[in-house]
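Participant: Below: one structure in structure tokens.
The values are calculated or read from the model by the stated rules, or taken from the named source; none is laboratory data. Keep in mind the model is a prediction, meaning the values are calculated, not measured. Quick reminder, even Gly has a Cβ in these numbers, built from the backbone with ideal geometry, and neighbours come from all protein chains shown. For the accessible areas, the whole protein counts, side chains as well, though only heavy atoms, and no ligand, DNA or RNA atoms are used. Shrake-Rupley method; radii C 1.70, N 1.55, O 1.52, S 1.80 Å.
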Amino acid sequence: MMMGEKDKKEGLSRQEEFSLTPQELLVEEAVSKSNRMTIGVPCETDLEELRVMIKPEAVTVLTANGFEVRVENGAGIGANHSDQEYADAGAIMTSNHEDVFKSDIVLKINPPTLEEISFMRKGKTVVSVLQFNSLNKEYLKAVNQKKLTCVAFNYIEDRVAGLPFVRAMSEIAGSTVMLVAAEYMSNSKGGRGVILGGITGVPSARVVILGAGTVAEYAARTAAGLGAEVKVFDNHIYKLRRLKEKLGQFHLFTSAIDNLMLEDAISRADVVVGALRNNQGRCPTVVTEEVVSKMKENAIIIDVSIDHGGCFETSEPTTHQNPTFKKYGVIHYCVPNIASRVSQTATAAISNIFTPYLISLSETGSVEKLMLAHQGFTKGVYAYRGSMTNDVLASQYGMSSKDLNLILAASMETRMG
């Protein structure tokens, strides 16, 4: 087949696939003549979000694999990565926020705003976090109208059906919360003036952790490592058993969530960490206002579950700038996105996990082939070229959804035919 005929057929195929007008197709062909897939990394518009999707070292790897990486000036400042670092790594720096969204793939921690969606080219891909309660029907209609492929990196699964991004951020949050607790237990922060580990002749602080998942594991490891007395409550016995096995070098008290025993432990605690998680919907509230009112003066509540509504009845979202408030004399730390407190570590973790997918993309040549090659990646796709592909999200907003695997199979059959 002559090159002209091949190009013509490929152009027609893309026109049918993305429902592009002839004018839009001409623009697509002009942009793709360089044969380099473009990646855009914009600045985050949320002042509380300091992380960025890829670190400068990843840019070096991506450009070596044939990508053109566009980074908006200041995108990495919150994670202490300068524009010069990205430029030295091979990124094309720009001050044009809109221009970054013209890329084939946009990498952004928080989902793009409606205005940012309008900047994107039809049929392209955006990768961001997804929290069901943060979206609305207008947003979902906008991404479908643009026929975008939307990937939630916090729903991508690894080969053993784990959630690598969620685990990494949970590890960070679990390790960080006990350092936060130690800080707010000091007199300078209005705390009880107690150290976690105690000293010879002085008992250690009492820490209660609700939940036995990844956040709880790392919080318990840090607290016990500092010498605190740790009690963990969860209604899943297999999680408690797994936690005991992983932290066998430490003495942990574990229990199912028995109301009387839990209330007694909380009333005696210096620190209570809420680390319960509900994968779909709001986190259950397990500590009532009455129980909080019986806690010690200047005891500390750290509600890591605030991202999902919180597991304390007294919890209210706070910010990194104003992280605490007092209720019933108890210090409440209820900052969503605790990982952003240590943004450079969090950025490195996200970048290390996601960069291999982008390298695979350079090898497969298209997002569709990447999905077929990595079924775990497909788990993160919630919108694909005009259709919702996440049943839970679609039903929440009264929208219809389609099976992504069937769509991909039909697409491959059409191409082969």
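Participant: Looking at this structure, is GLY329 touching an Asp or Glu at 6+ places or on another chain (Cβ under 6 Å) and at pLDDT 95 or above?
Facilitator: Yes.
Matching residues to (1) under 22 Å from CYS311 (Cα atoms); (2) small (Gly, Ala, Ser); (3) touching a Ser or Thr at 6+ places or on another chain (Cβ under 9 Å); (4) in contact (Cβ under 8 Å) with a residue 60 or more places away in the chain:
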site: TYR218; (1), (2), (3), (4): yes, no, yes, no
site: GLY225; (1), (2), (3), (4): no, yes, no, no
site: VAL230; (1), (2), (3), (4): yes, no, no, no
site: PHE250; (1), (2), (3), (4): no, no, no, no
site: SER267; (1), (2), (3), (4): yes, yes, no, no
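Participant: Is it true that some residue in segment 206-215 is at pLDDT below 95 and open to solvent by 50 Å² or more (accessible area, probe 1.4 Å)?
Facilitator: Checked segment 206-215: no residue is at pLDDT below 95 and open to solvent by 50 Å² or more (accessible area, probe 1.4 Å).
Participant: Moving on to the next point. Within the set of pairs 6 or more residues apart or between chains, which connect a residue that is part of a helix (DSSP H, G or I) inside segment 129-155 to a residue that is open to solvent by 10 Å² or more (accessible area, probe 1.4 Å) with Cβ atoms less than 6 Å apart?
Facilitator: LYS137/TYR397; ALA142/LEU114; ASN144/GLY386; ASN154/VAL129; ASN154/VAL166; TYR155/LYS379
Participant: Counting residues that are under 24 Å from the mean Cα position of the chain (by Cα) and either closer than 23 Å to PRO336 by Cα or at pLDDT 95 or above (or both), which strands (runs of 3 or more DSSP E) fully inside segment 30-96 reach at least 1?
Facilitator: 38-41, 68-72
Participant: Checking the condition among the acidic types (Asp, Glu) and without any contact (Cβ under 8 Å) to a residue 40 or more places away in the chain, which residue from GLU368, GLU297, GLU316 passes? Before you say what the answer is, go through the steps one by one.
Facilitator: Numbers: GLU368 fails: without any contact (Cβ under 8 Å) to a residue 40 or more places away in the chain; GLU297 fails: without any contact (Cβ under 8 Å) to a residue 40 or more places away in the chain.
Step by step, each of GLU368, GLU297, GLU316 is checked, and only GLU316 is among the acidic types (Asp, Glu) and without any contact (Cβ under 8 Å) to a residue 40 or more places away in the chain.
Participant: Let me ask something additional. Mind counting the residues in segment 142-171 that are open to solvent by 20 Å² or more (accessible area, probe 1.4 Å) and among the β-branched types (Val, Ile, Thr)?
Facilitator: The qualifying residues number 2.
Participant: Okay, moving on. Within segment 269-291, track down each residue that is in contact with a strand residue (DSSP E or B) (Cβ under 6 Å, 6 or more places away or on another chain) and assigned to a helix (DSSP H, G or I).
Facilitator: none
Participant: Is one or more of the residues making up segment 237-252 in contact with a strand residue (DSSP E or B) (Cβ under 6 Å, 6 or more places away or on another chain), outside any helix (DSSP H, G or I) and either open to solvent by less than 50 Å² (accessible area, probe 1.4 Å) or hydrophobic (A, V, I, L, M, F, W, C) (or both)?
Facilitator: yes
Participant: Is it the case that segment 301-312 has a residue that's polar (S, T, N, Q) and surrounded by fewer than 21 Cβ atoms within 10 Å (Cβ to Cβ)?
Facilitator: Taking every residue of segment 301-312 in turn, none turns out to be polar (S, T, N, Q) and surrounded by fewer than 21 Cβ atoms within 10 Å (Cβ to Cβ).
Participant: Filter segment 223-241 for residues that are of a type in the set (Asp, Glu) and under 25 Å from the mean Cα position of the chain (by Cα) and give the result.
Facilitator: Selection gives ASP234 alone.
Participant: For segment 337-417, which fully contained helices (runs of 4 or more DSSP H) count at least 1 residues that are among the charged types (D, E, K, R)?
Facilitator: In segment 337-417, the matching helices (runs of 4 or more DSSP H) lie at 343-364, 367-373, 391-396, 404-416.
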